[in-house]
Amino acid sequence: MNLNDLKLLSPEIFLSVSSIILLVLSLSKVDLKKIINLSIISLIISILLVCNLWFGWLFEPSSKNSLLGSFTSDNFSLFFKFIILLASLITIFGSFQYFVSEKTRNYFGEFISLIFLSIVGMMLLVSSTELITIYVSLELSALPIIVLLSIHRSKLGIESGIKFFILSAFSSAILLYGFIYLYGLTGSTNLLLIQESISKMSLTEGSTFIAHGLIISIVLIIAGFSFKMAIVPWQMWIPDVYQGAPTPIAAFLSVASKSSAFAVIIRLFYTSFSNEDLMLDWSLIFAVLAAITMTIGNLFALNQKNIKRLLGYSTIAQAGYILIGLAAIPDGNSINFSGIQGSMYYLAGYLFTNISIFIVITIIILRTKDQTIEGLSGFIKVSPVYSIILVVGLLSLIGMPPTVGFMSKVIIFGFSINSGYPWLALIGVINSVLAAFYYLRIIRFIVFEEPSKNKLVQSNLLRDNRAILVGVICSILVLLLGIIPFILLDMSKKAINFI
Amino acid sequence: MFDGILSITIFLPVISAVIILFFLKNNNSIRYFANFTTGIVFILSLLMFLNYDTESSGFQMIDFFEAWIPFDYLRSSYIVGIDGLSAPLVLLTGILGFVSTLASFRVEKRVKEYHIWLLVLISSVFGVFVSLDLLLFFIFFEFELIPMYMLISIWGSGRPNYSAMKFVLFTLFGGALMLVAILSIYMSADVGTLIMVSIPELNIVGIPDLIQYSDLLVPASFIFLLFFIAFAIKLPSWPLHSWLPDAHTDAPTAVSVMLAGVLLKMAGYGLIRINIGFFQNTKGFTVYDVSIFISIIAAISVVYGGIITVRQTDMKRLIAFSSISHMGFVMLGVSAIGTSSSNTSIAGINGAALQMFTHGTITGLAFLMVGYTYERTHTRHIPHLGGLWHKIPLIAVFFFISGFASLGLPMLSGFVSEIMIFLSTFTIWPIATIISAFGVVLAAGYILWMIQRIFFGVKPPDEIFSDEIYNQIEDVKKIDLLPILLLTIPVFLVGIWPSFLTEIINLGVEGILR
């Protein structure tokens, strides 16, 4: 390890160290509020370190690769690190009420250090360019979440923890199996070397054994990652885990964890499997999975009464839309990688949309202990600000103009038509109509129903300035990025230069 | 290029909605401020209509920012402008926007939110008629759903949640299909632009020119179908009409006026601008080939809507169903595209465009009168009413005017547009036209029968229509005459002197047909 490695790894190193410091501090008699602020500051510093690597403010690393080519810090990984860190920052900042509540105040130290460790795992994951590193960082990101899910030792929490643990172990095993196939066929674990070795194989004629082996390994790898990405048919855990999880953790899972899985699968497929014949094969797999995922997610969400379960199904549906971008490899003479750009734009917009919703839901559930949608009746009379944040978020999830959700859907569907999947766009738009039904139902309860017999009125919802602040900022960004989308699109364009 | 007046007109209502949101608290000041805004918007739209230069034709008052979304794969620009087709519709929106706020003076529930949503609605409707970029058009087309959903759900009567949800889901479905169609056109390598018209002065070559004979990613017939379904839902045309009666019946008066008056016209506008404008000579498909189907659907809409209307017992529902029948005439006029004689098809499409304007004013007036009657009688059930003539003569007179215009009495505006449509389509699709003409007979039936039952005869006995309410009924106040006259003047004006509209419309339609 040399100086360059240290520079490239600076955000990760900083975050791991601060995770340990925060754990130790929480054992001493330091005020809880200070620790929370400290954790927020360390997240901001690591975001700045990531920005530093992108813009080169303080120092320019001599090379983007380090650790014997198993780790890279290119713009693509920095983009996703930024998303992951920002999602965590907003979630932790907005959940202040939750952390100081009776339930959590006694083990905030464990809570925050575990989240930080998981973030480090995800950051390593989006940077890794080698199969073993991918696997190890995947485990690092998943294991702390198991503890976090059951940290309250409630029945539902433990159930969701165990569910997540077993399924995550199972999917890791499948993933490893796929990696083994790949290693056996190509003789390397480095993604670039794998690509070279595949490009030398003749996949069209004769060598059916190798071609079939590659397809098997692709299928197994997709299956392994689909667990993290919430792709049908590996989505079963989502609603249960979301329902049982502490709400901030559900928010964290829905954005940070999902983005990291998408990032690594984009990197893996667009470097190792970027052979043109192979691309057509896996893009079709992705297209079919996307169609199934969004349809199933939306259909199951239609009849949900529990808001957290509903949001769980909604993340499944959203994963389907994001997957369209992965499937959208433009055909024709020039293969460029615009589809991923759509996915990245979608993920970034989804961050603000979903986390603003989750922050408000966290506060409501904390006060009322009521997770039903009916519990939101007449919420606009109880708290107009929170309601507007929620409604803007939900409209963005529907894909109503002028929100970011609309623009990302337009871009994603545009790419899917461009790459020869008009049917996928058609399924996508019909799905968004289906989704409108259940999102509008929530809006109906918030805005139109009278606040009768509900606990919201009596619970005197605390005005939490921090939550309102981030919620409003998120809502403004949701609208702003929808009206002027090119800032993000430019960023994502710079980010996909890894190929 | 930036003229400004059009952008100001679009965004003025939204800006004033924001001002109301943050600065105004008092209910009355909100009402006056909203009316003040829509009054200015009305004057601006009138000015734009009058200033439209009929000598030079084409697109005028253009505001153009080329790089709204300067992204490689989605190059969209902010471009608005009016031509002969959209100028009357802009005027119509201005009139009805003003009328709808004037008619909302007696709304007492959540006044602030109500006016905010109404103003946002007016803005988005304006946007639809003047956007010349497909994505911009689509954004306004979809965005109008949010205020409509809120307005019907919160301030509606009957089953508002059900009706609002039905309305939104139907329109979203159409919009979803339209999005696929828009992207399919845009993503085709030969087209690659989202600007829906060609403007020689700005060196803009739009989709109508680029799409000619070019290769599309998706068959042109399929794209046409997607657009057609989207607009047929919005028009609404049989068999996709079932959202309309519910939405109308449950919406508050001002929203019904907007819905029937201008929102339905978005569909007619889209049919002419996009379905006819784009698909005249695309590869392997022209709109001429399918115009017979359009005429059949139109004839079914007219007659089916008319027959169902006769059976209605709710005043508002009756007017709502009559809209299906009358918007069927618009589609019939559109089907006049299927002839080699360009004069005939221009006349038919002129008729369709004129019918949109006349129907907007006539039905707006009818809904306004139904609203006024309902406010006084507290029931819209026709058999429970009767003998109102003596109590509310002014309302009755204007109710008659709207009814007679709607059934096509000469000298009133409905007659002009209907006769234009019939004369041109008769030479092309005689059978469909003859069948549709029965729609006029049916209209005479249901309109006269309704007027007779509501206003004439004797008052029903006390247990059906209580004497107490009947005795308290008073006629409209003088201030209410303002919205009424705003709608009545165009009805007479178009009926007596149609050429002030048809001249401009003709310029627009000639620009679209090639």
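The values are calculated or read from the model by the stated rules, or taken from the named source; none is laboratory data. Treat the numbers as computed from the prediction; the structure is a model and nothing was measured. Cβ placement follows ideal geometry from the backbone for every residue including glycine, while neighbour counts extend to all protein chains displayed. Heads up: the accessible areas ignore ligands, DNA and RNA and are worked out on the full protein's heavy atoms, side chains in. Shrake-Rupley method; radii C 1.70, N 1.55, O 1.52, S 1.80 Å.
By how many nm would the segment from A:L302 to A:S28 lengthen if fully extended, with 0.36 nm per residue of separation less the alpha-carbon distance?
Gain in length upon complete extension: 93.8 nm.
Relative contact order (percent) for segment B:308-389, with alpha-carbon contacts under 8 angstrom and 6 or more residues of separation?
Computed value for segment B:308-389: 35 percent relative contact order.
Taking R0 as 45 Å, what FRET efficiency do you get between B:F438 and A:L480 from their Cβ-Cβ distance, rounded to the nearest 0.05?
0.25
Can you give the Rg/Rh ratio of chain B, where Rg is from the C-alpha atoms and Rh is the Kirkwood radius?
0.96
Calculate the mean, over all residues of peptide B:234-245, of how many other protein chain Cβ atoms lie within 10 angstrom of the residue's Cβ.
Counting Cβ atoms of other protein chains within 10 Å of each residue's Cβ and averaging gives 0.
Could you sort B:52-63, A:311-322 so that the peptide with the highest average Cβ count within 10 Å comes first and the rest follow in order?
Going from most to least packed, we get A:311-322, B:52-63.
Averaged across the residues of B:168-181, what count of C-beta atoms belonging to other chains lies within 10 Å of each residue's C-beta?
Average per residue, whole number: 6.
Ranked highest first by average number of other Cβ atoms within 10 Å, how do B:241-254, A:369-382 line up?
B:241-254, A:369-382
Taking the Cβ-Cβ separation of A:R466 and A:I21 as r and a Förster radius of 30 Å, what is the calculated FRET efficiency to the nearest 0.05?
E(calc), rounded to 0.05, equals 0.85.
At 222 nm, what helix-only mean residue ellipticity would chain B give, in deg cm²/dmol to the nearest 500, using -39500 (n - 2.57) for each DSSP H run of four or more?
-22000 deg cm²/dmol
Modelling each spin label as a point 7 Å along the Cα-to-Cβ direction, I'd like the A:T271/B:K109 distance in nm, to one decimal.
Simple spin-label model gives 6.0 nm for this pair.
Could you give the length gained on full extension between B:V458 and B:H378, defined as 0.36 nm per residue of separation minus the Cα-Cα distance, in nm?
27.0 nm
Would you mind giving the mean number of other chain beta-carbons within 10 Å of the Cβ of each residue in A:423-433, as a whole number?
Taking the mean over all residues of the peptide, I get 5.
What are the lysines whose alpha-carbon lies under 20 Å from the alpha-carbon of B:K477, with same-chain residues fewer than 8 places away excluded?
B:K391
Quickly rank B:177-183, A:40-46, B:461-467 as a protection proxy: mean count of other C-beta atoms within 10 Å, highest first.
Highest mean packing first, the order is B:177-183, A:40-46, B:461-467.
Name all residues of segment B:315-344 having a backbone nitrogen under 16 Å from the label point set 7 Å from the Cα of B:F293 along its Cα→Cβ direction, giving them as ranges.
Of the residues in segment B:315-344, B:332, B:335-338 have backbone N under 16 Å from the label point off B:F293.
Given the whole protein assembly as supplied and a 1.4 Å probe, what does the accessible area of A:L9 come to in Å², nearest 10?
10 Å²
List the lysines whose Cα lies under 29 Å from the Cα of A:K64, skipping any in the same chain that are fewer than 8 positions away.
Excluding near neighbours in sequence, the set is A:K7, A:K81, A:K200, A:K228, A:K258, A:K493, A:K494.
Could you calculate the FRET efficiency of B:W389 with B:N471 from 1/(1 + (r/R0)^6), where r is the beta carbon distance between them and R0 is 22 Å, rounded to 0.05?
0.90
What ³J(HN,Hα) values, in whole Hz, does the Karplus curve 6.51 cos²θ - 1.76 cosθ + 1.60 give for segment B:440-446 when θ = phi - 60°, with x put for Gly and Pro?
Karplus values, whole Hz, x for Gly and Pro: 5, 4, 4, 4, 4, x, 6.
Can you give me the relative contact order of segment A:275-499 as a percent, contacts being Cα pairs under 8 Å and 6 or more apart?
27 percent
Too long at a 32 Å Cα-Cα cut-off: which of A:K29/A:K155; A:K381/B:K478; A:K103/B:K25; A:K308/A:K381; A:K155/A:K409; A:K33/B:K109?
Pairs exceeding the cut-off: A:K381/B:K478; A:K103/B:K25; A:K155/A:K409; A:K33/B:K109.
Taking the alpha-carbon distance from A:K305 and a cut-off under 19 Å, which lysines remain once sequence neighbours fewer than 8 residues away in the same chain are dropped?
Partners within reach: A:K369, A:K453, A:K455.
Percent relative contact order of chain A, based on C-alpha pairs within less than 8 angstrom and at least six residues apart?
It rounds to 16 percent for chain A.
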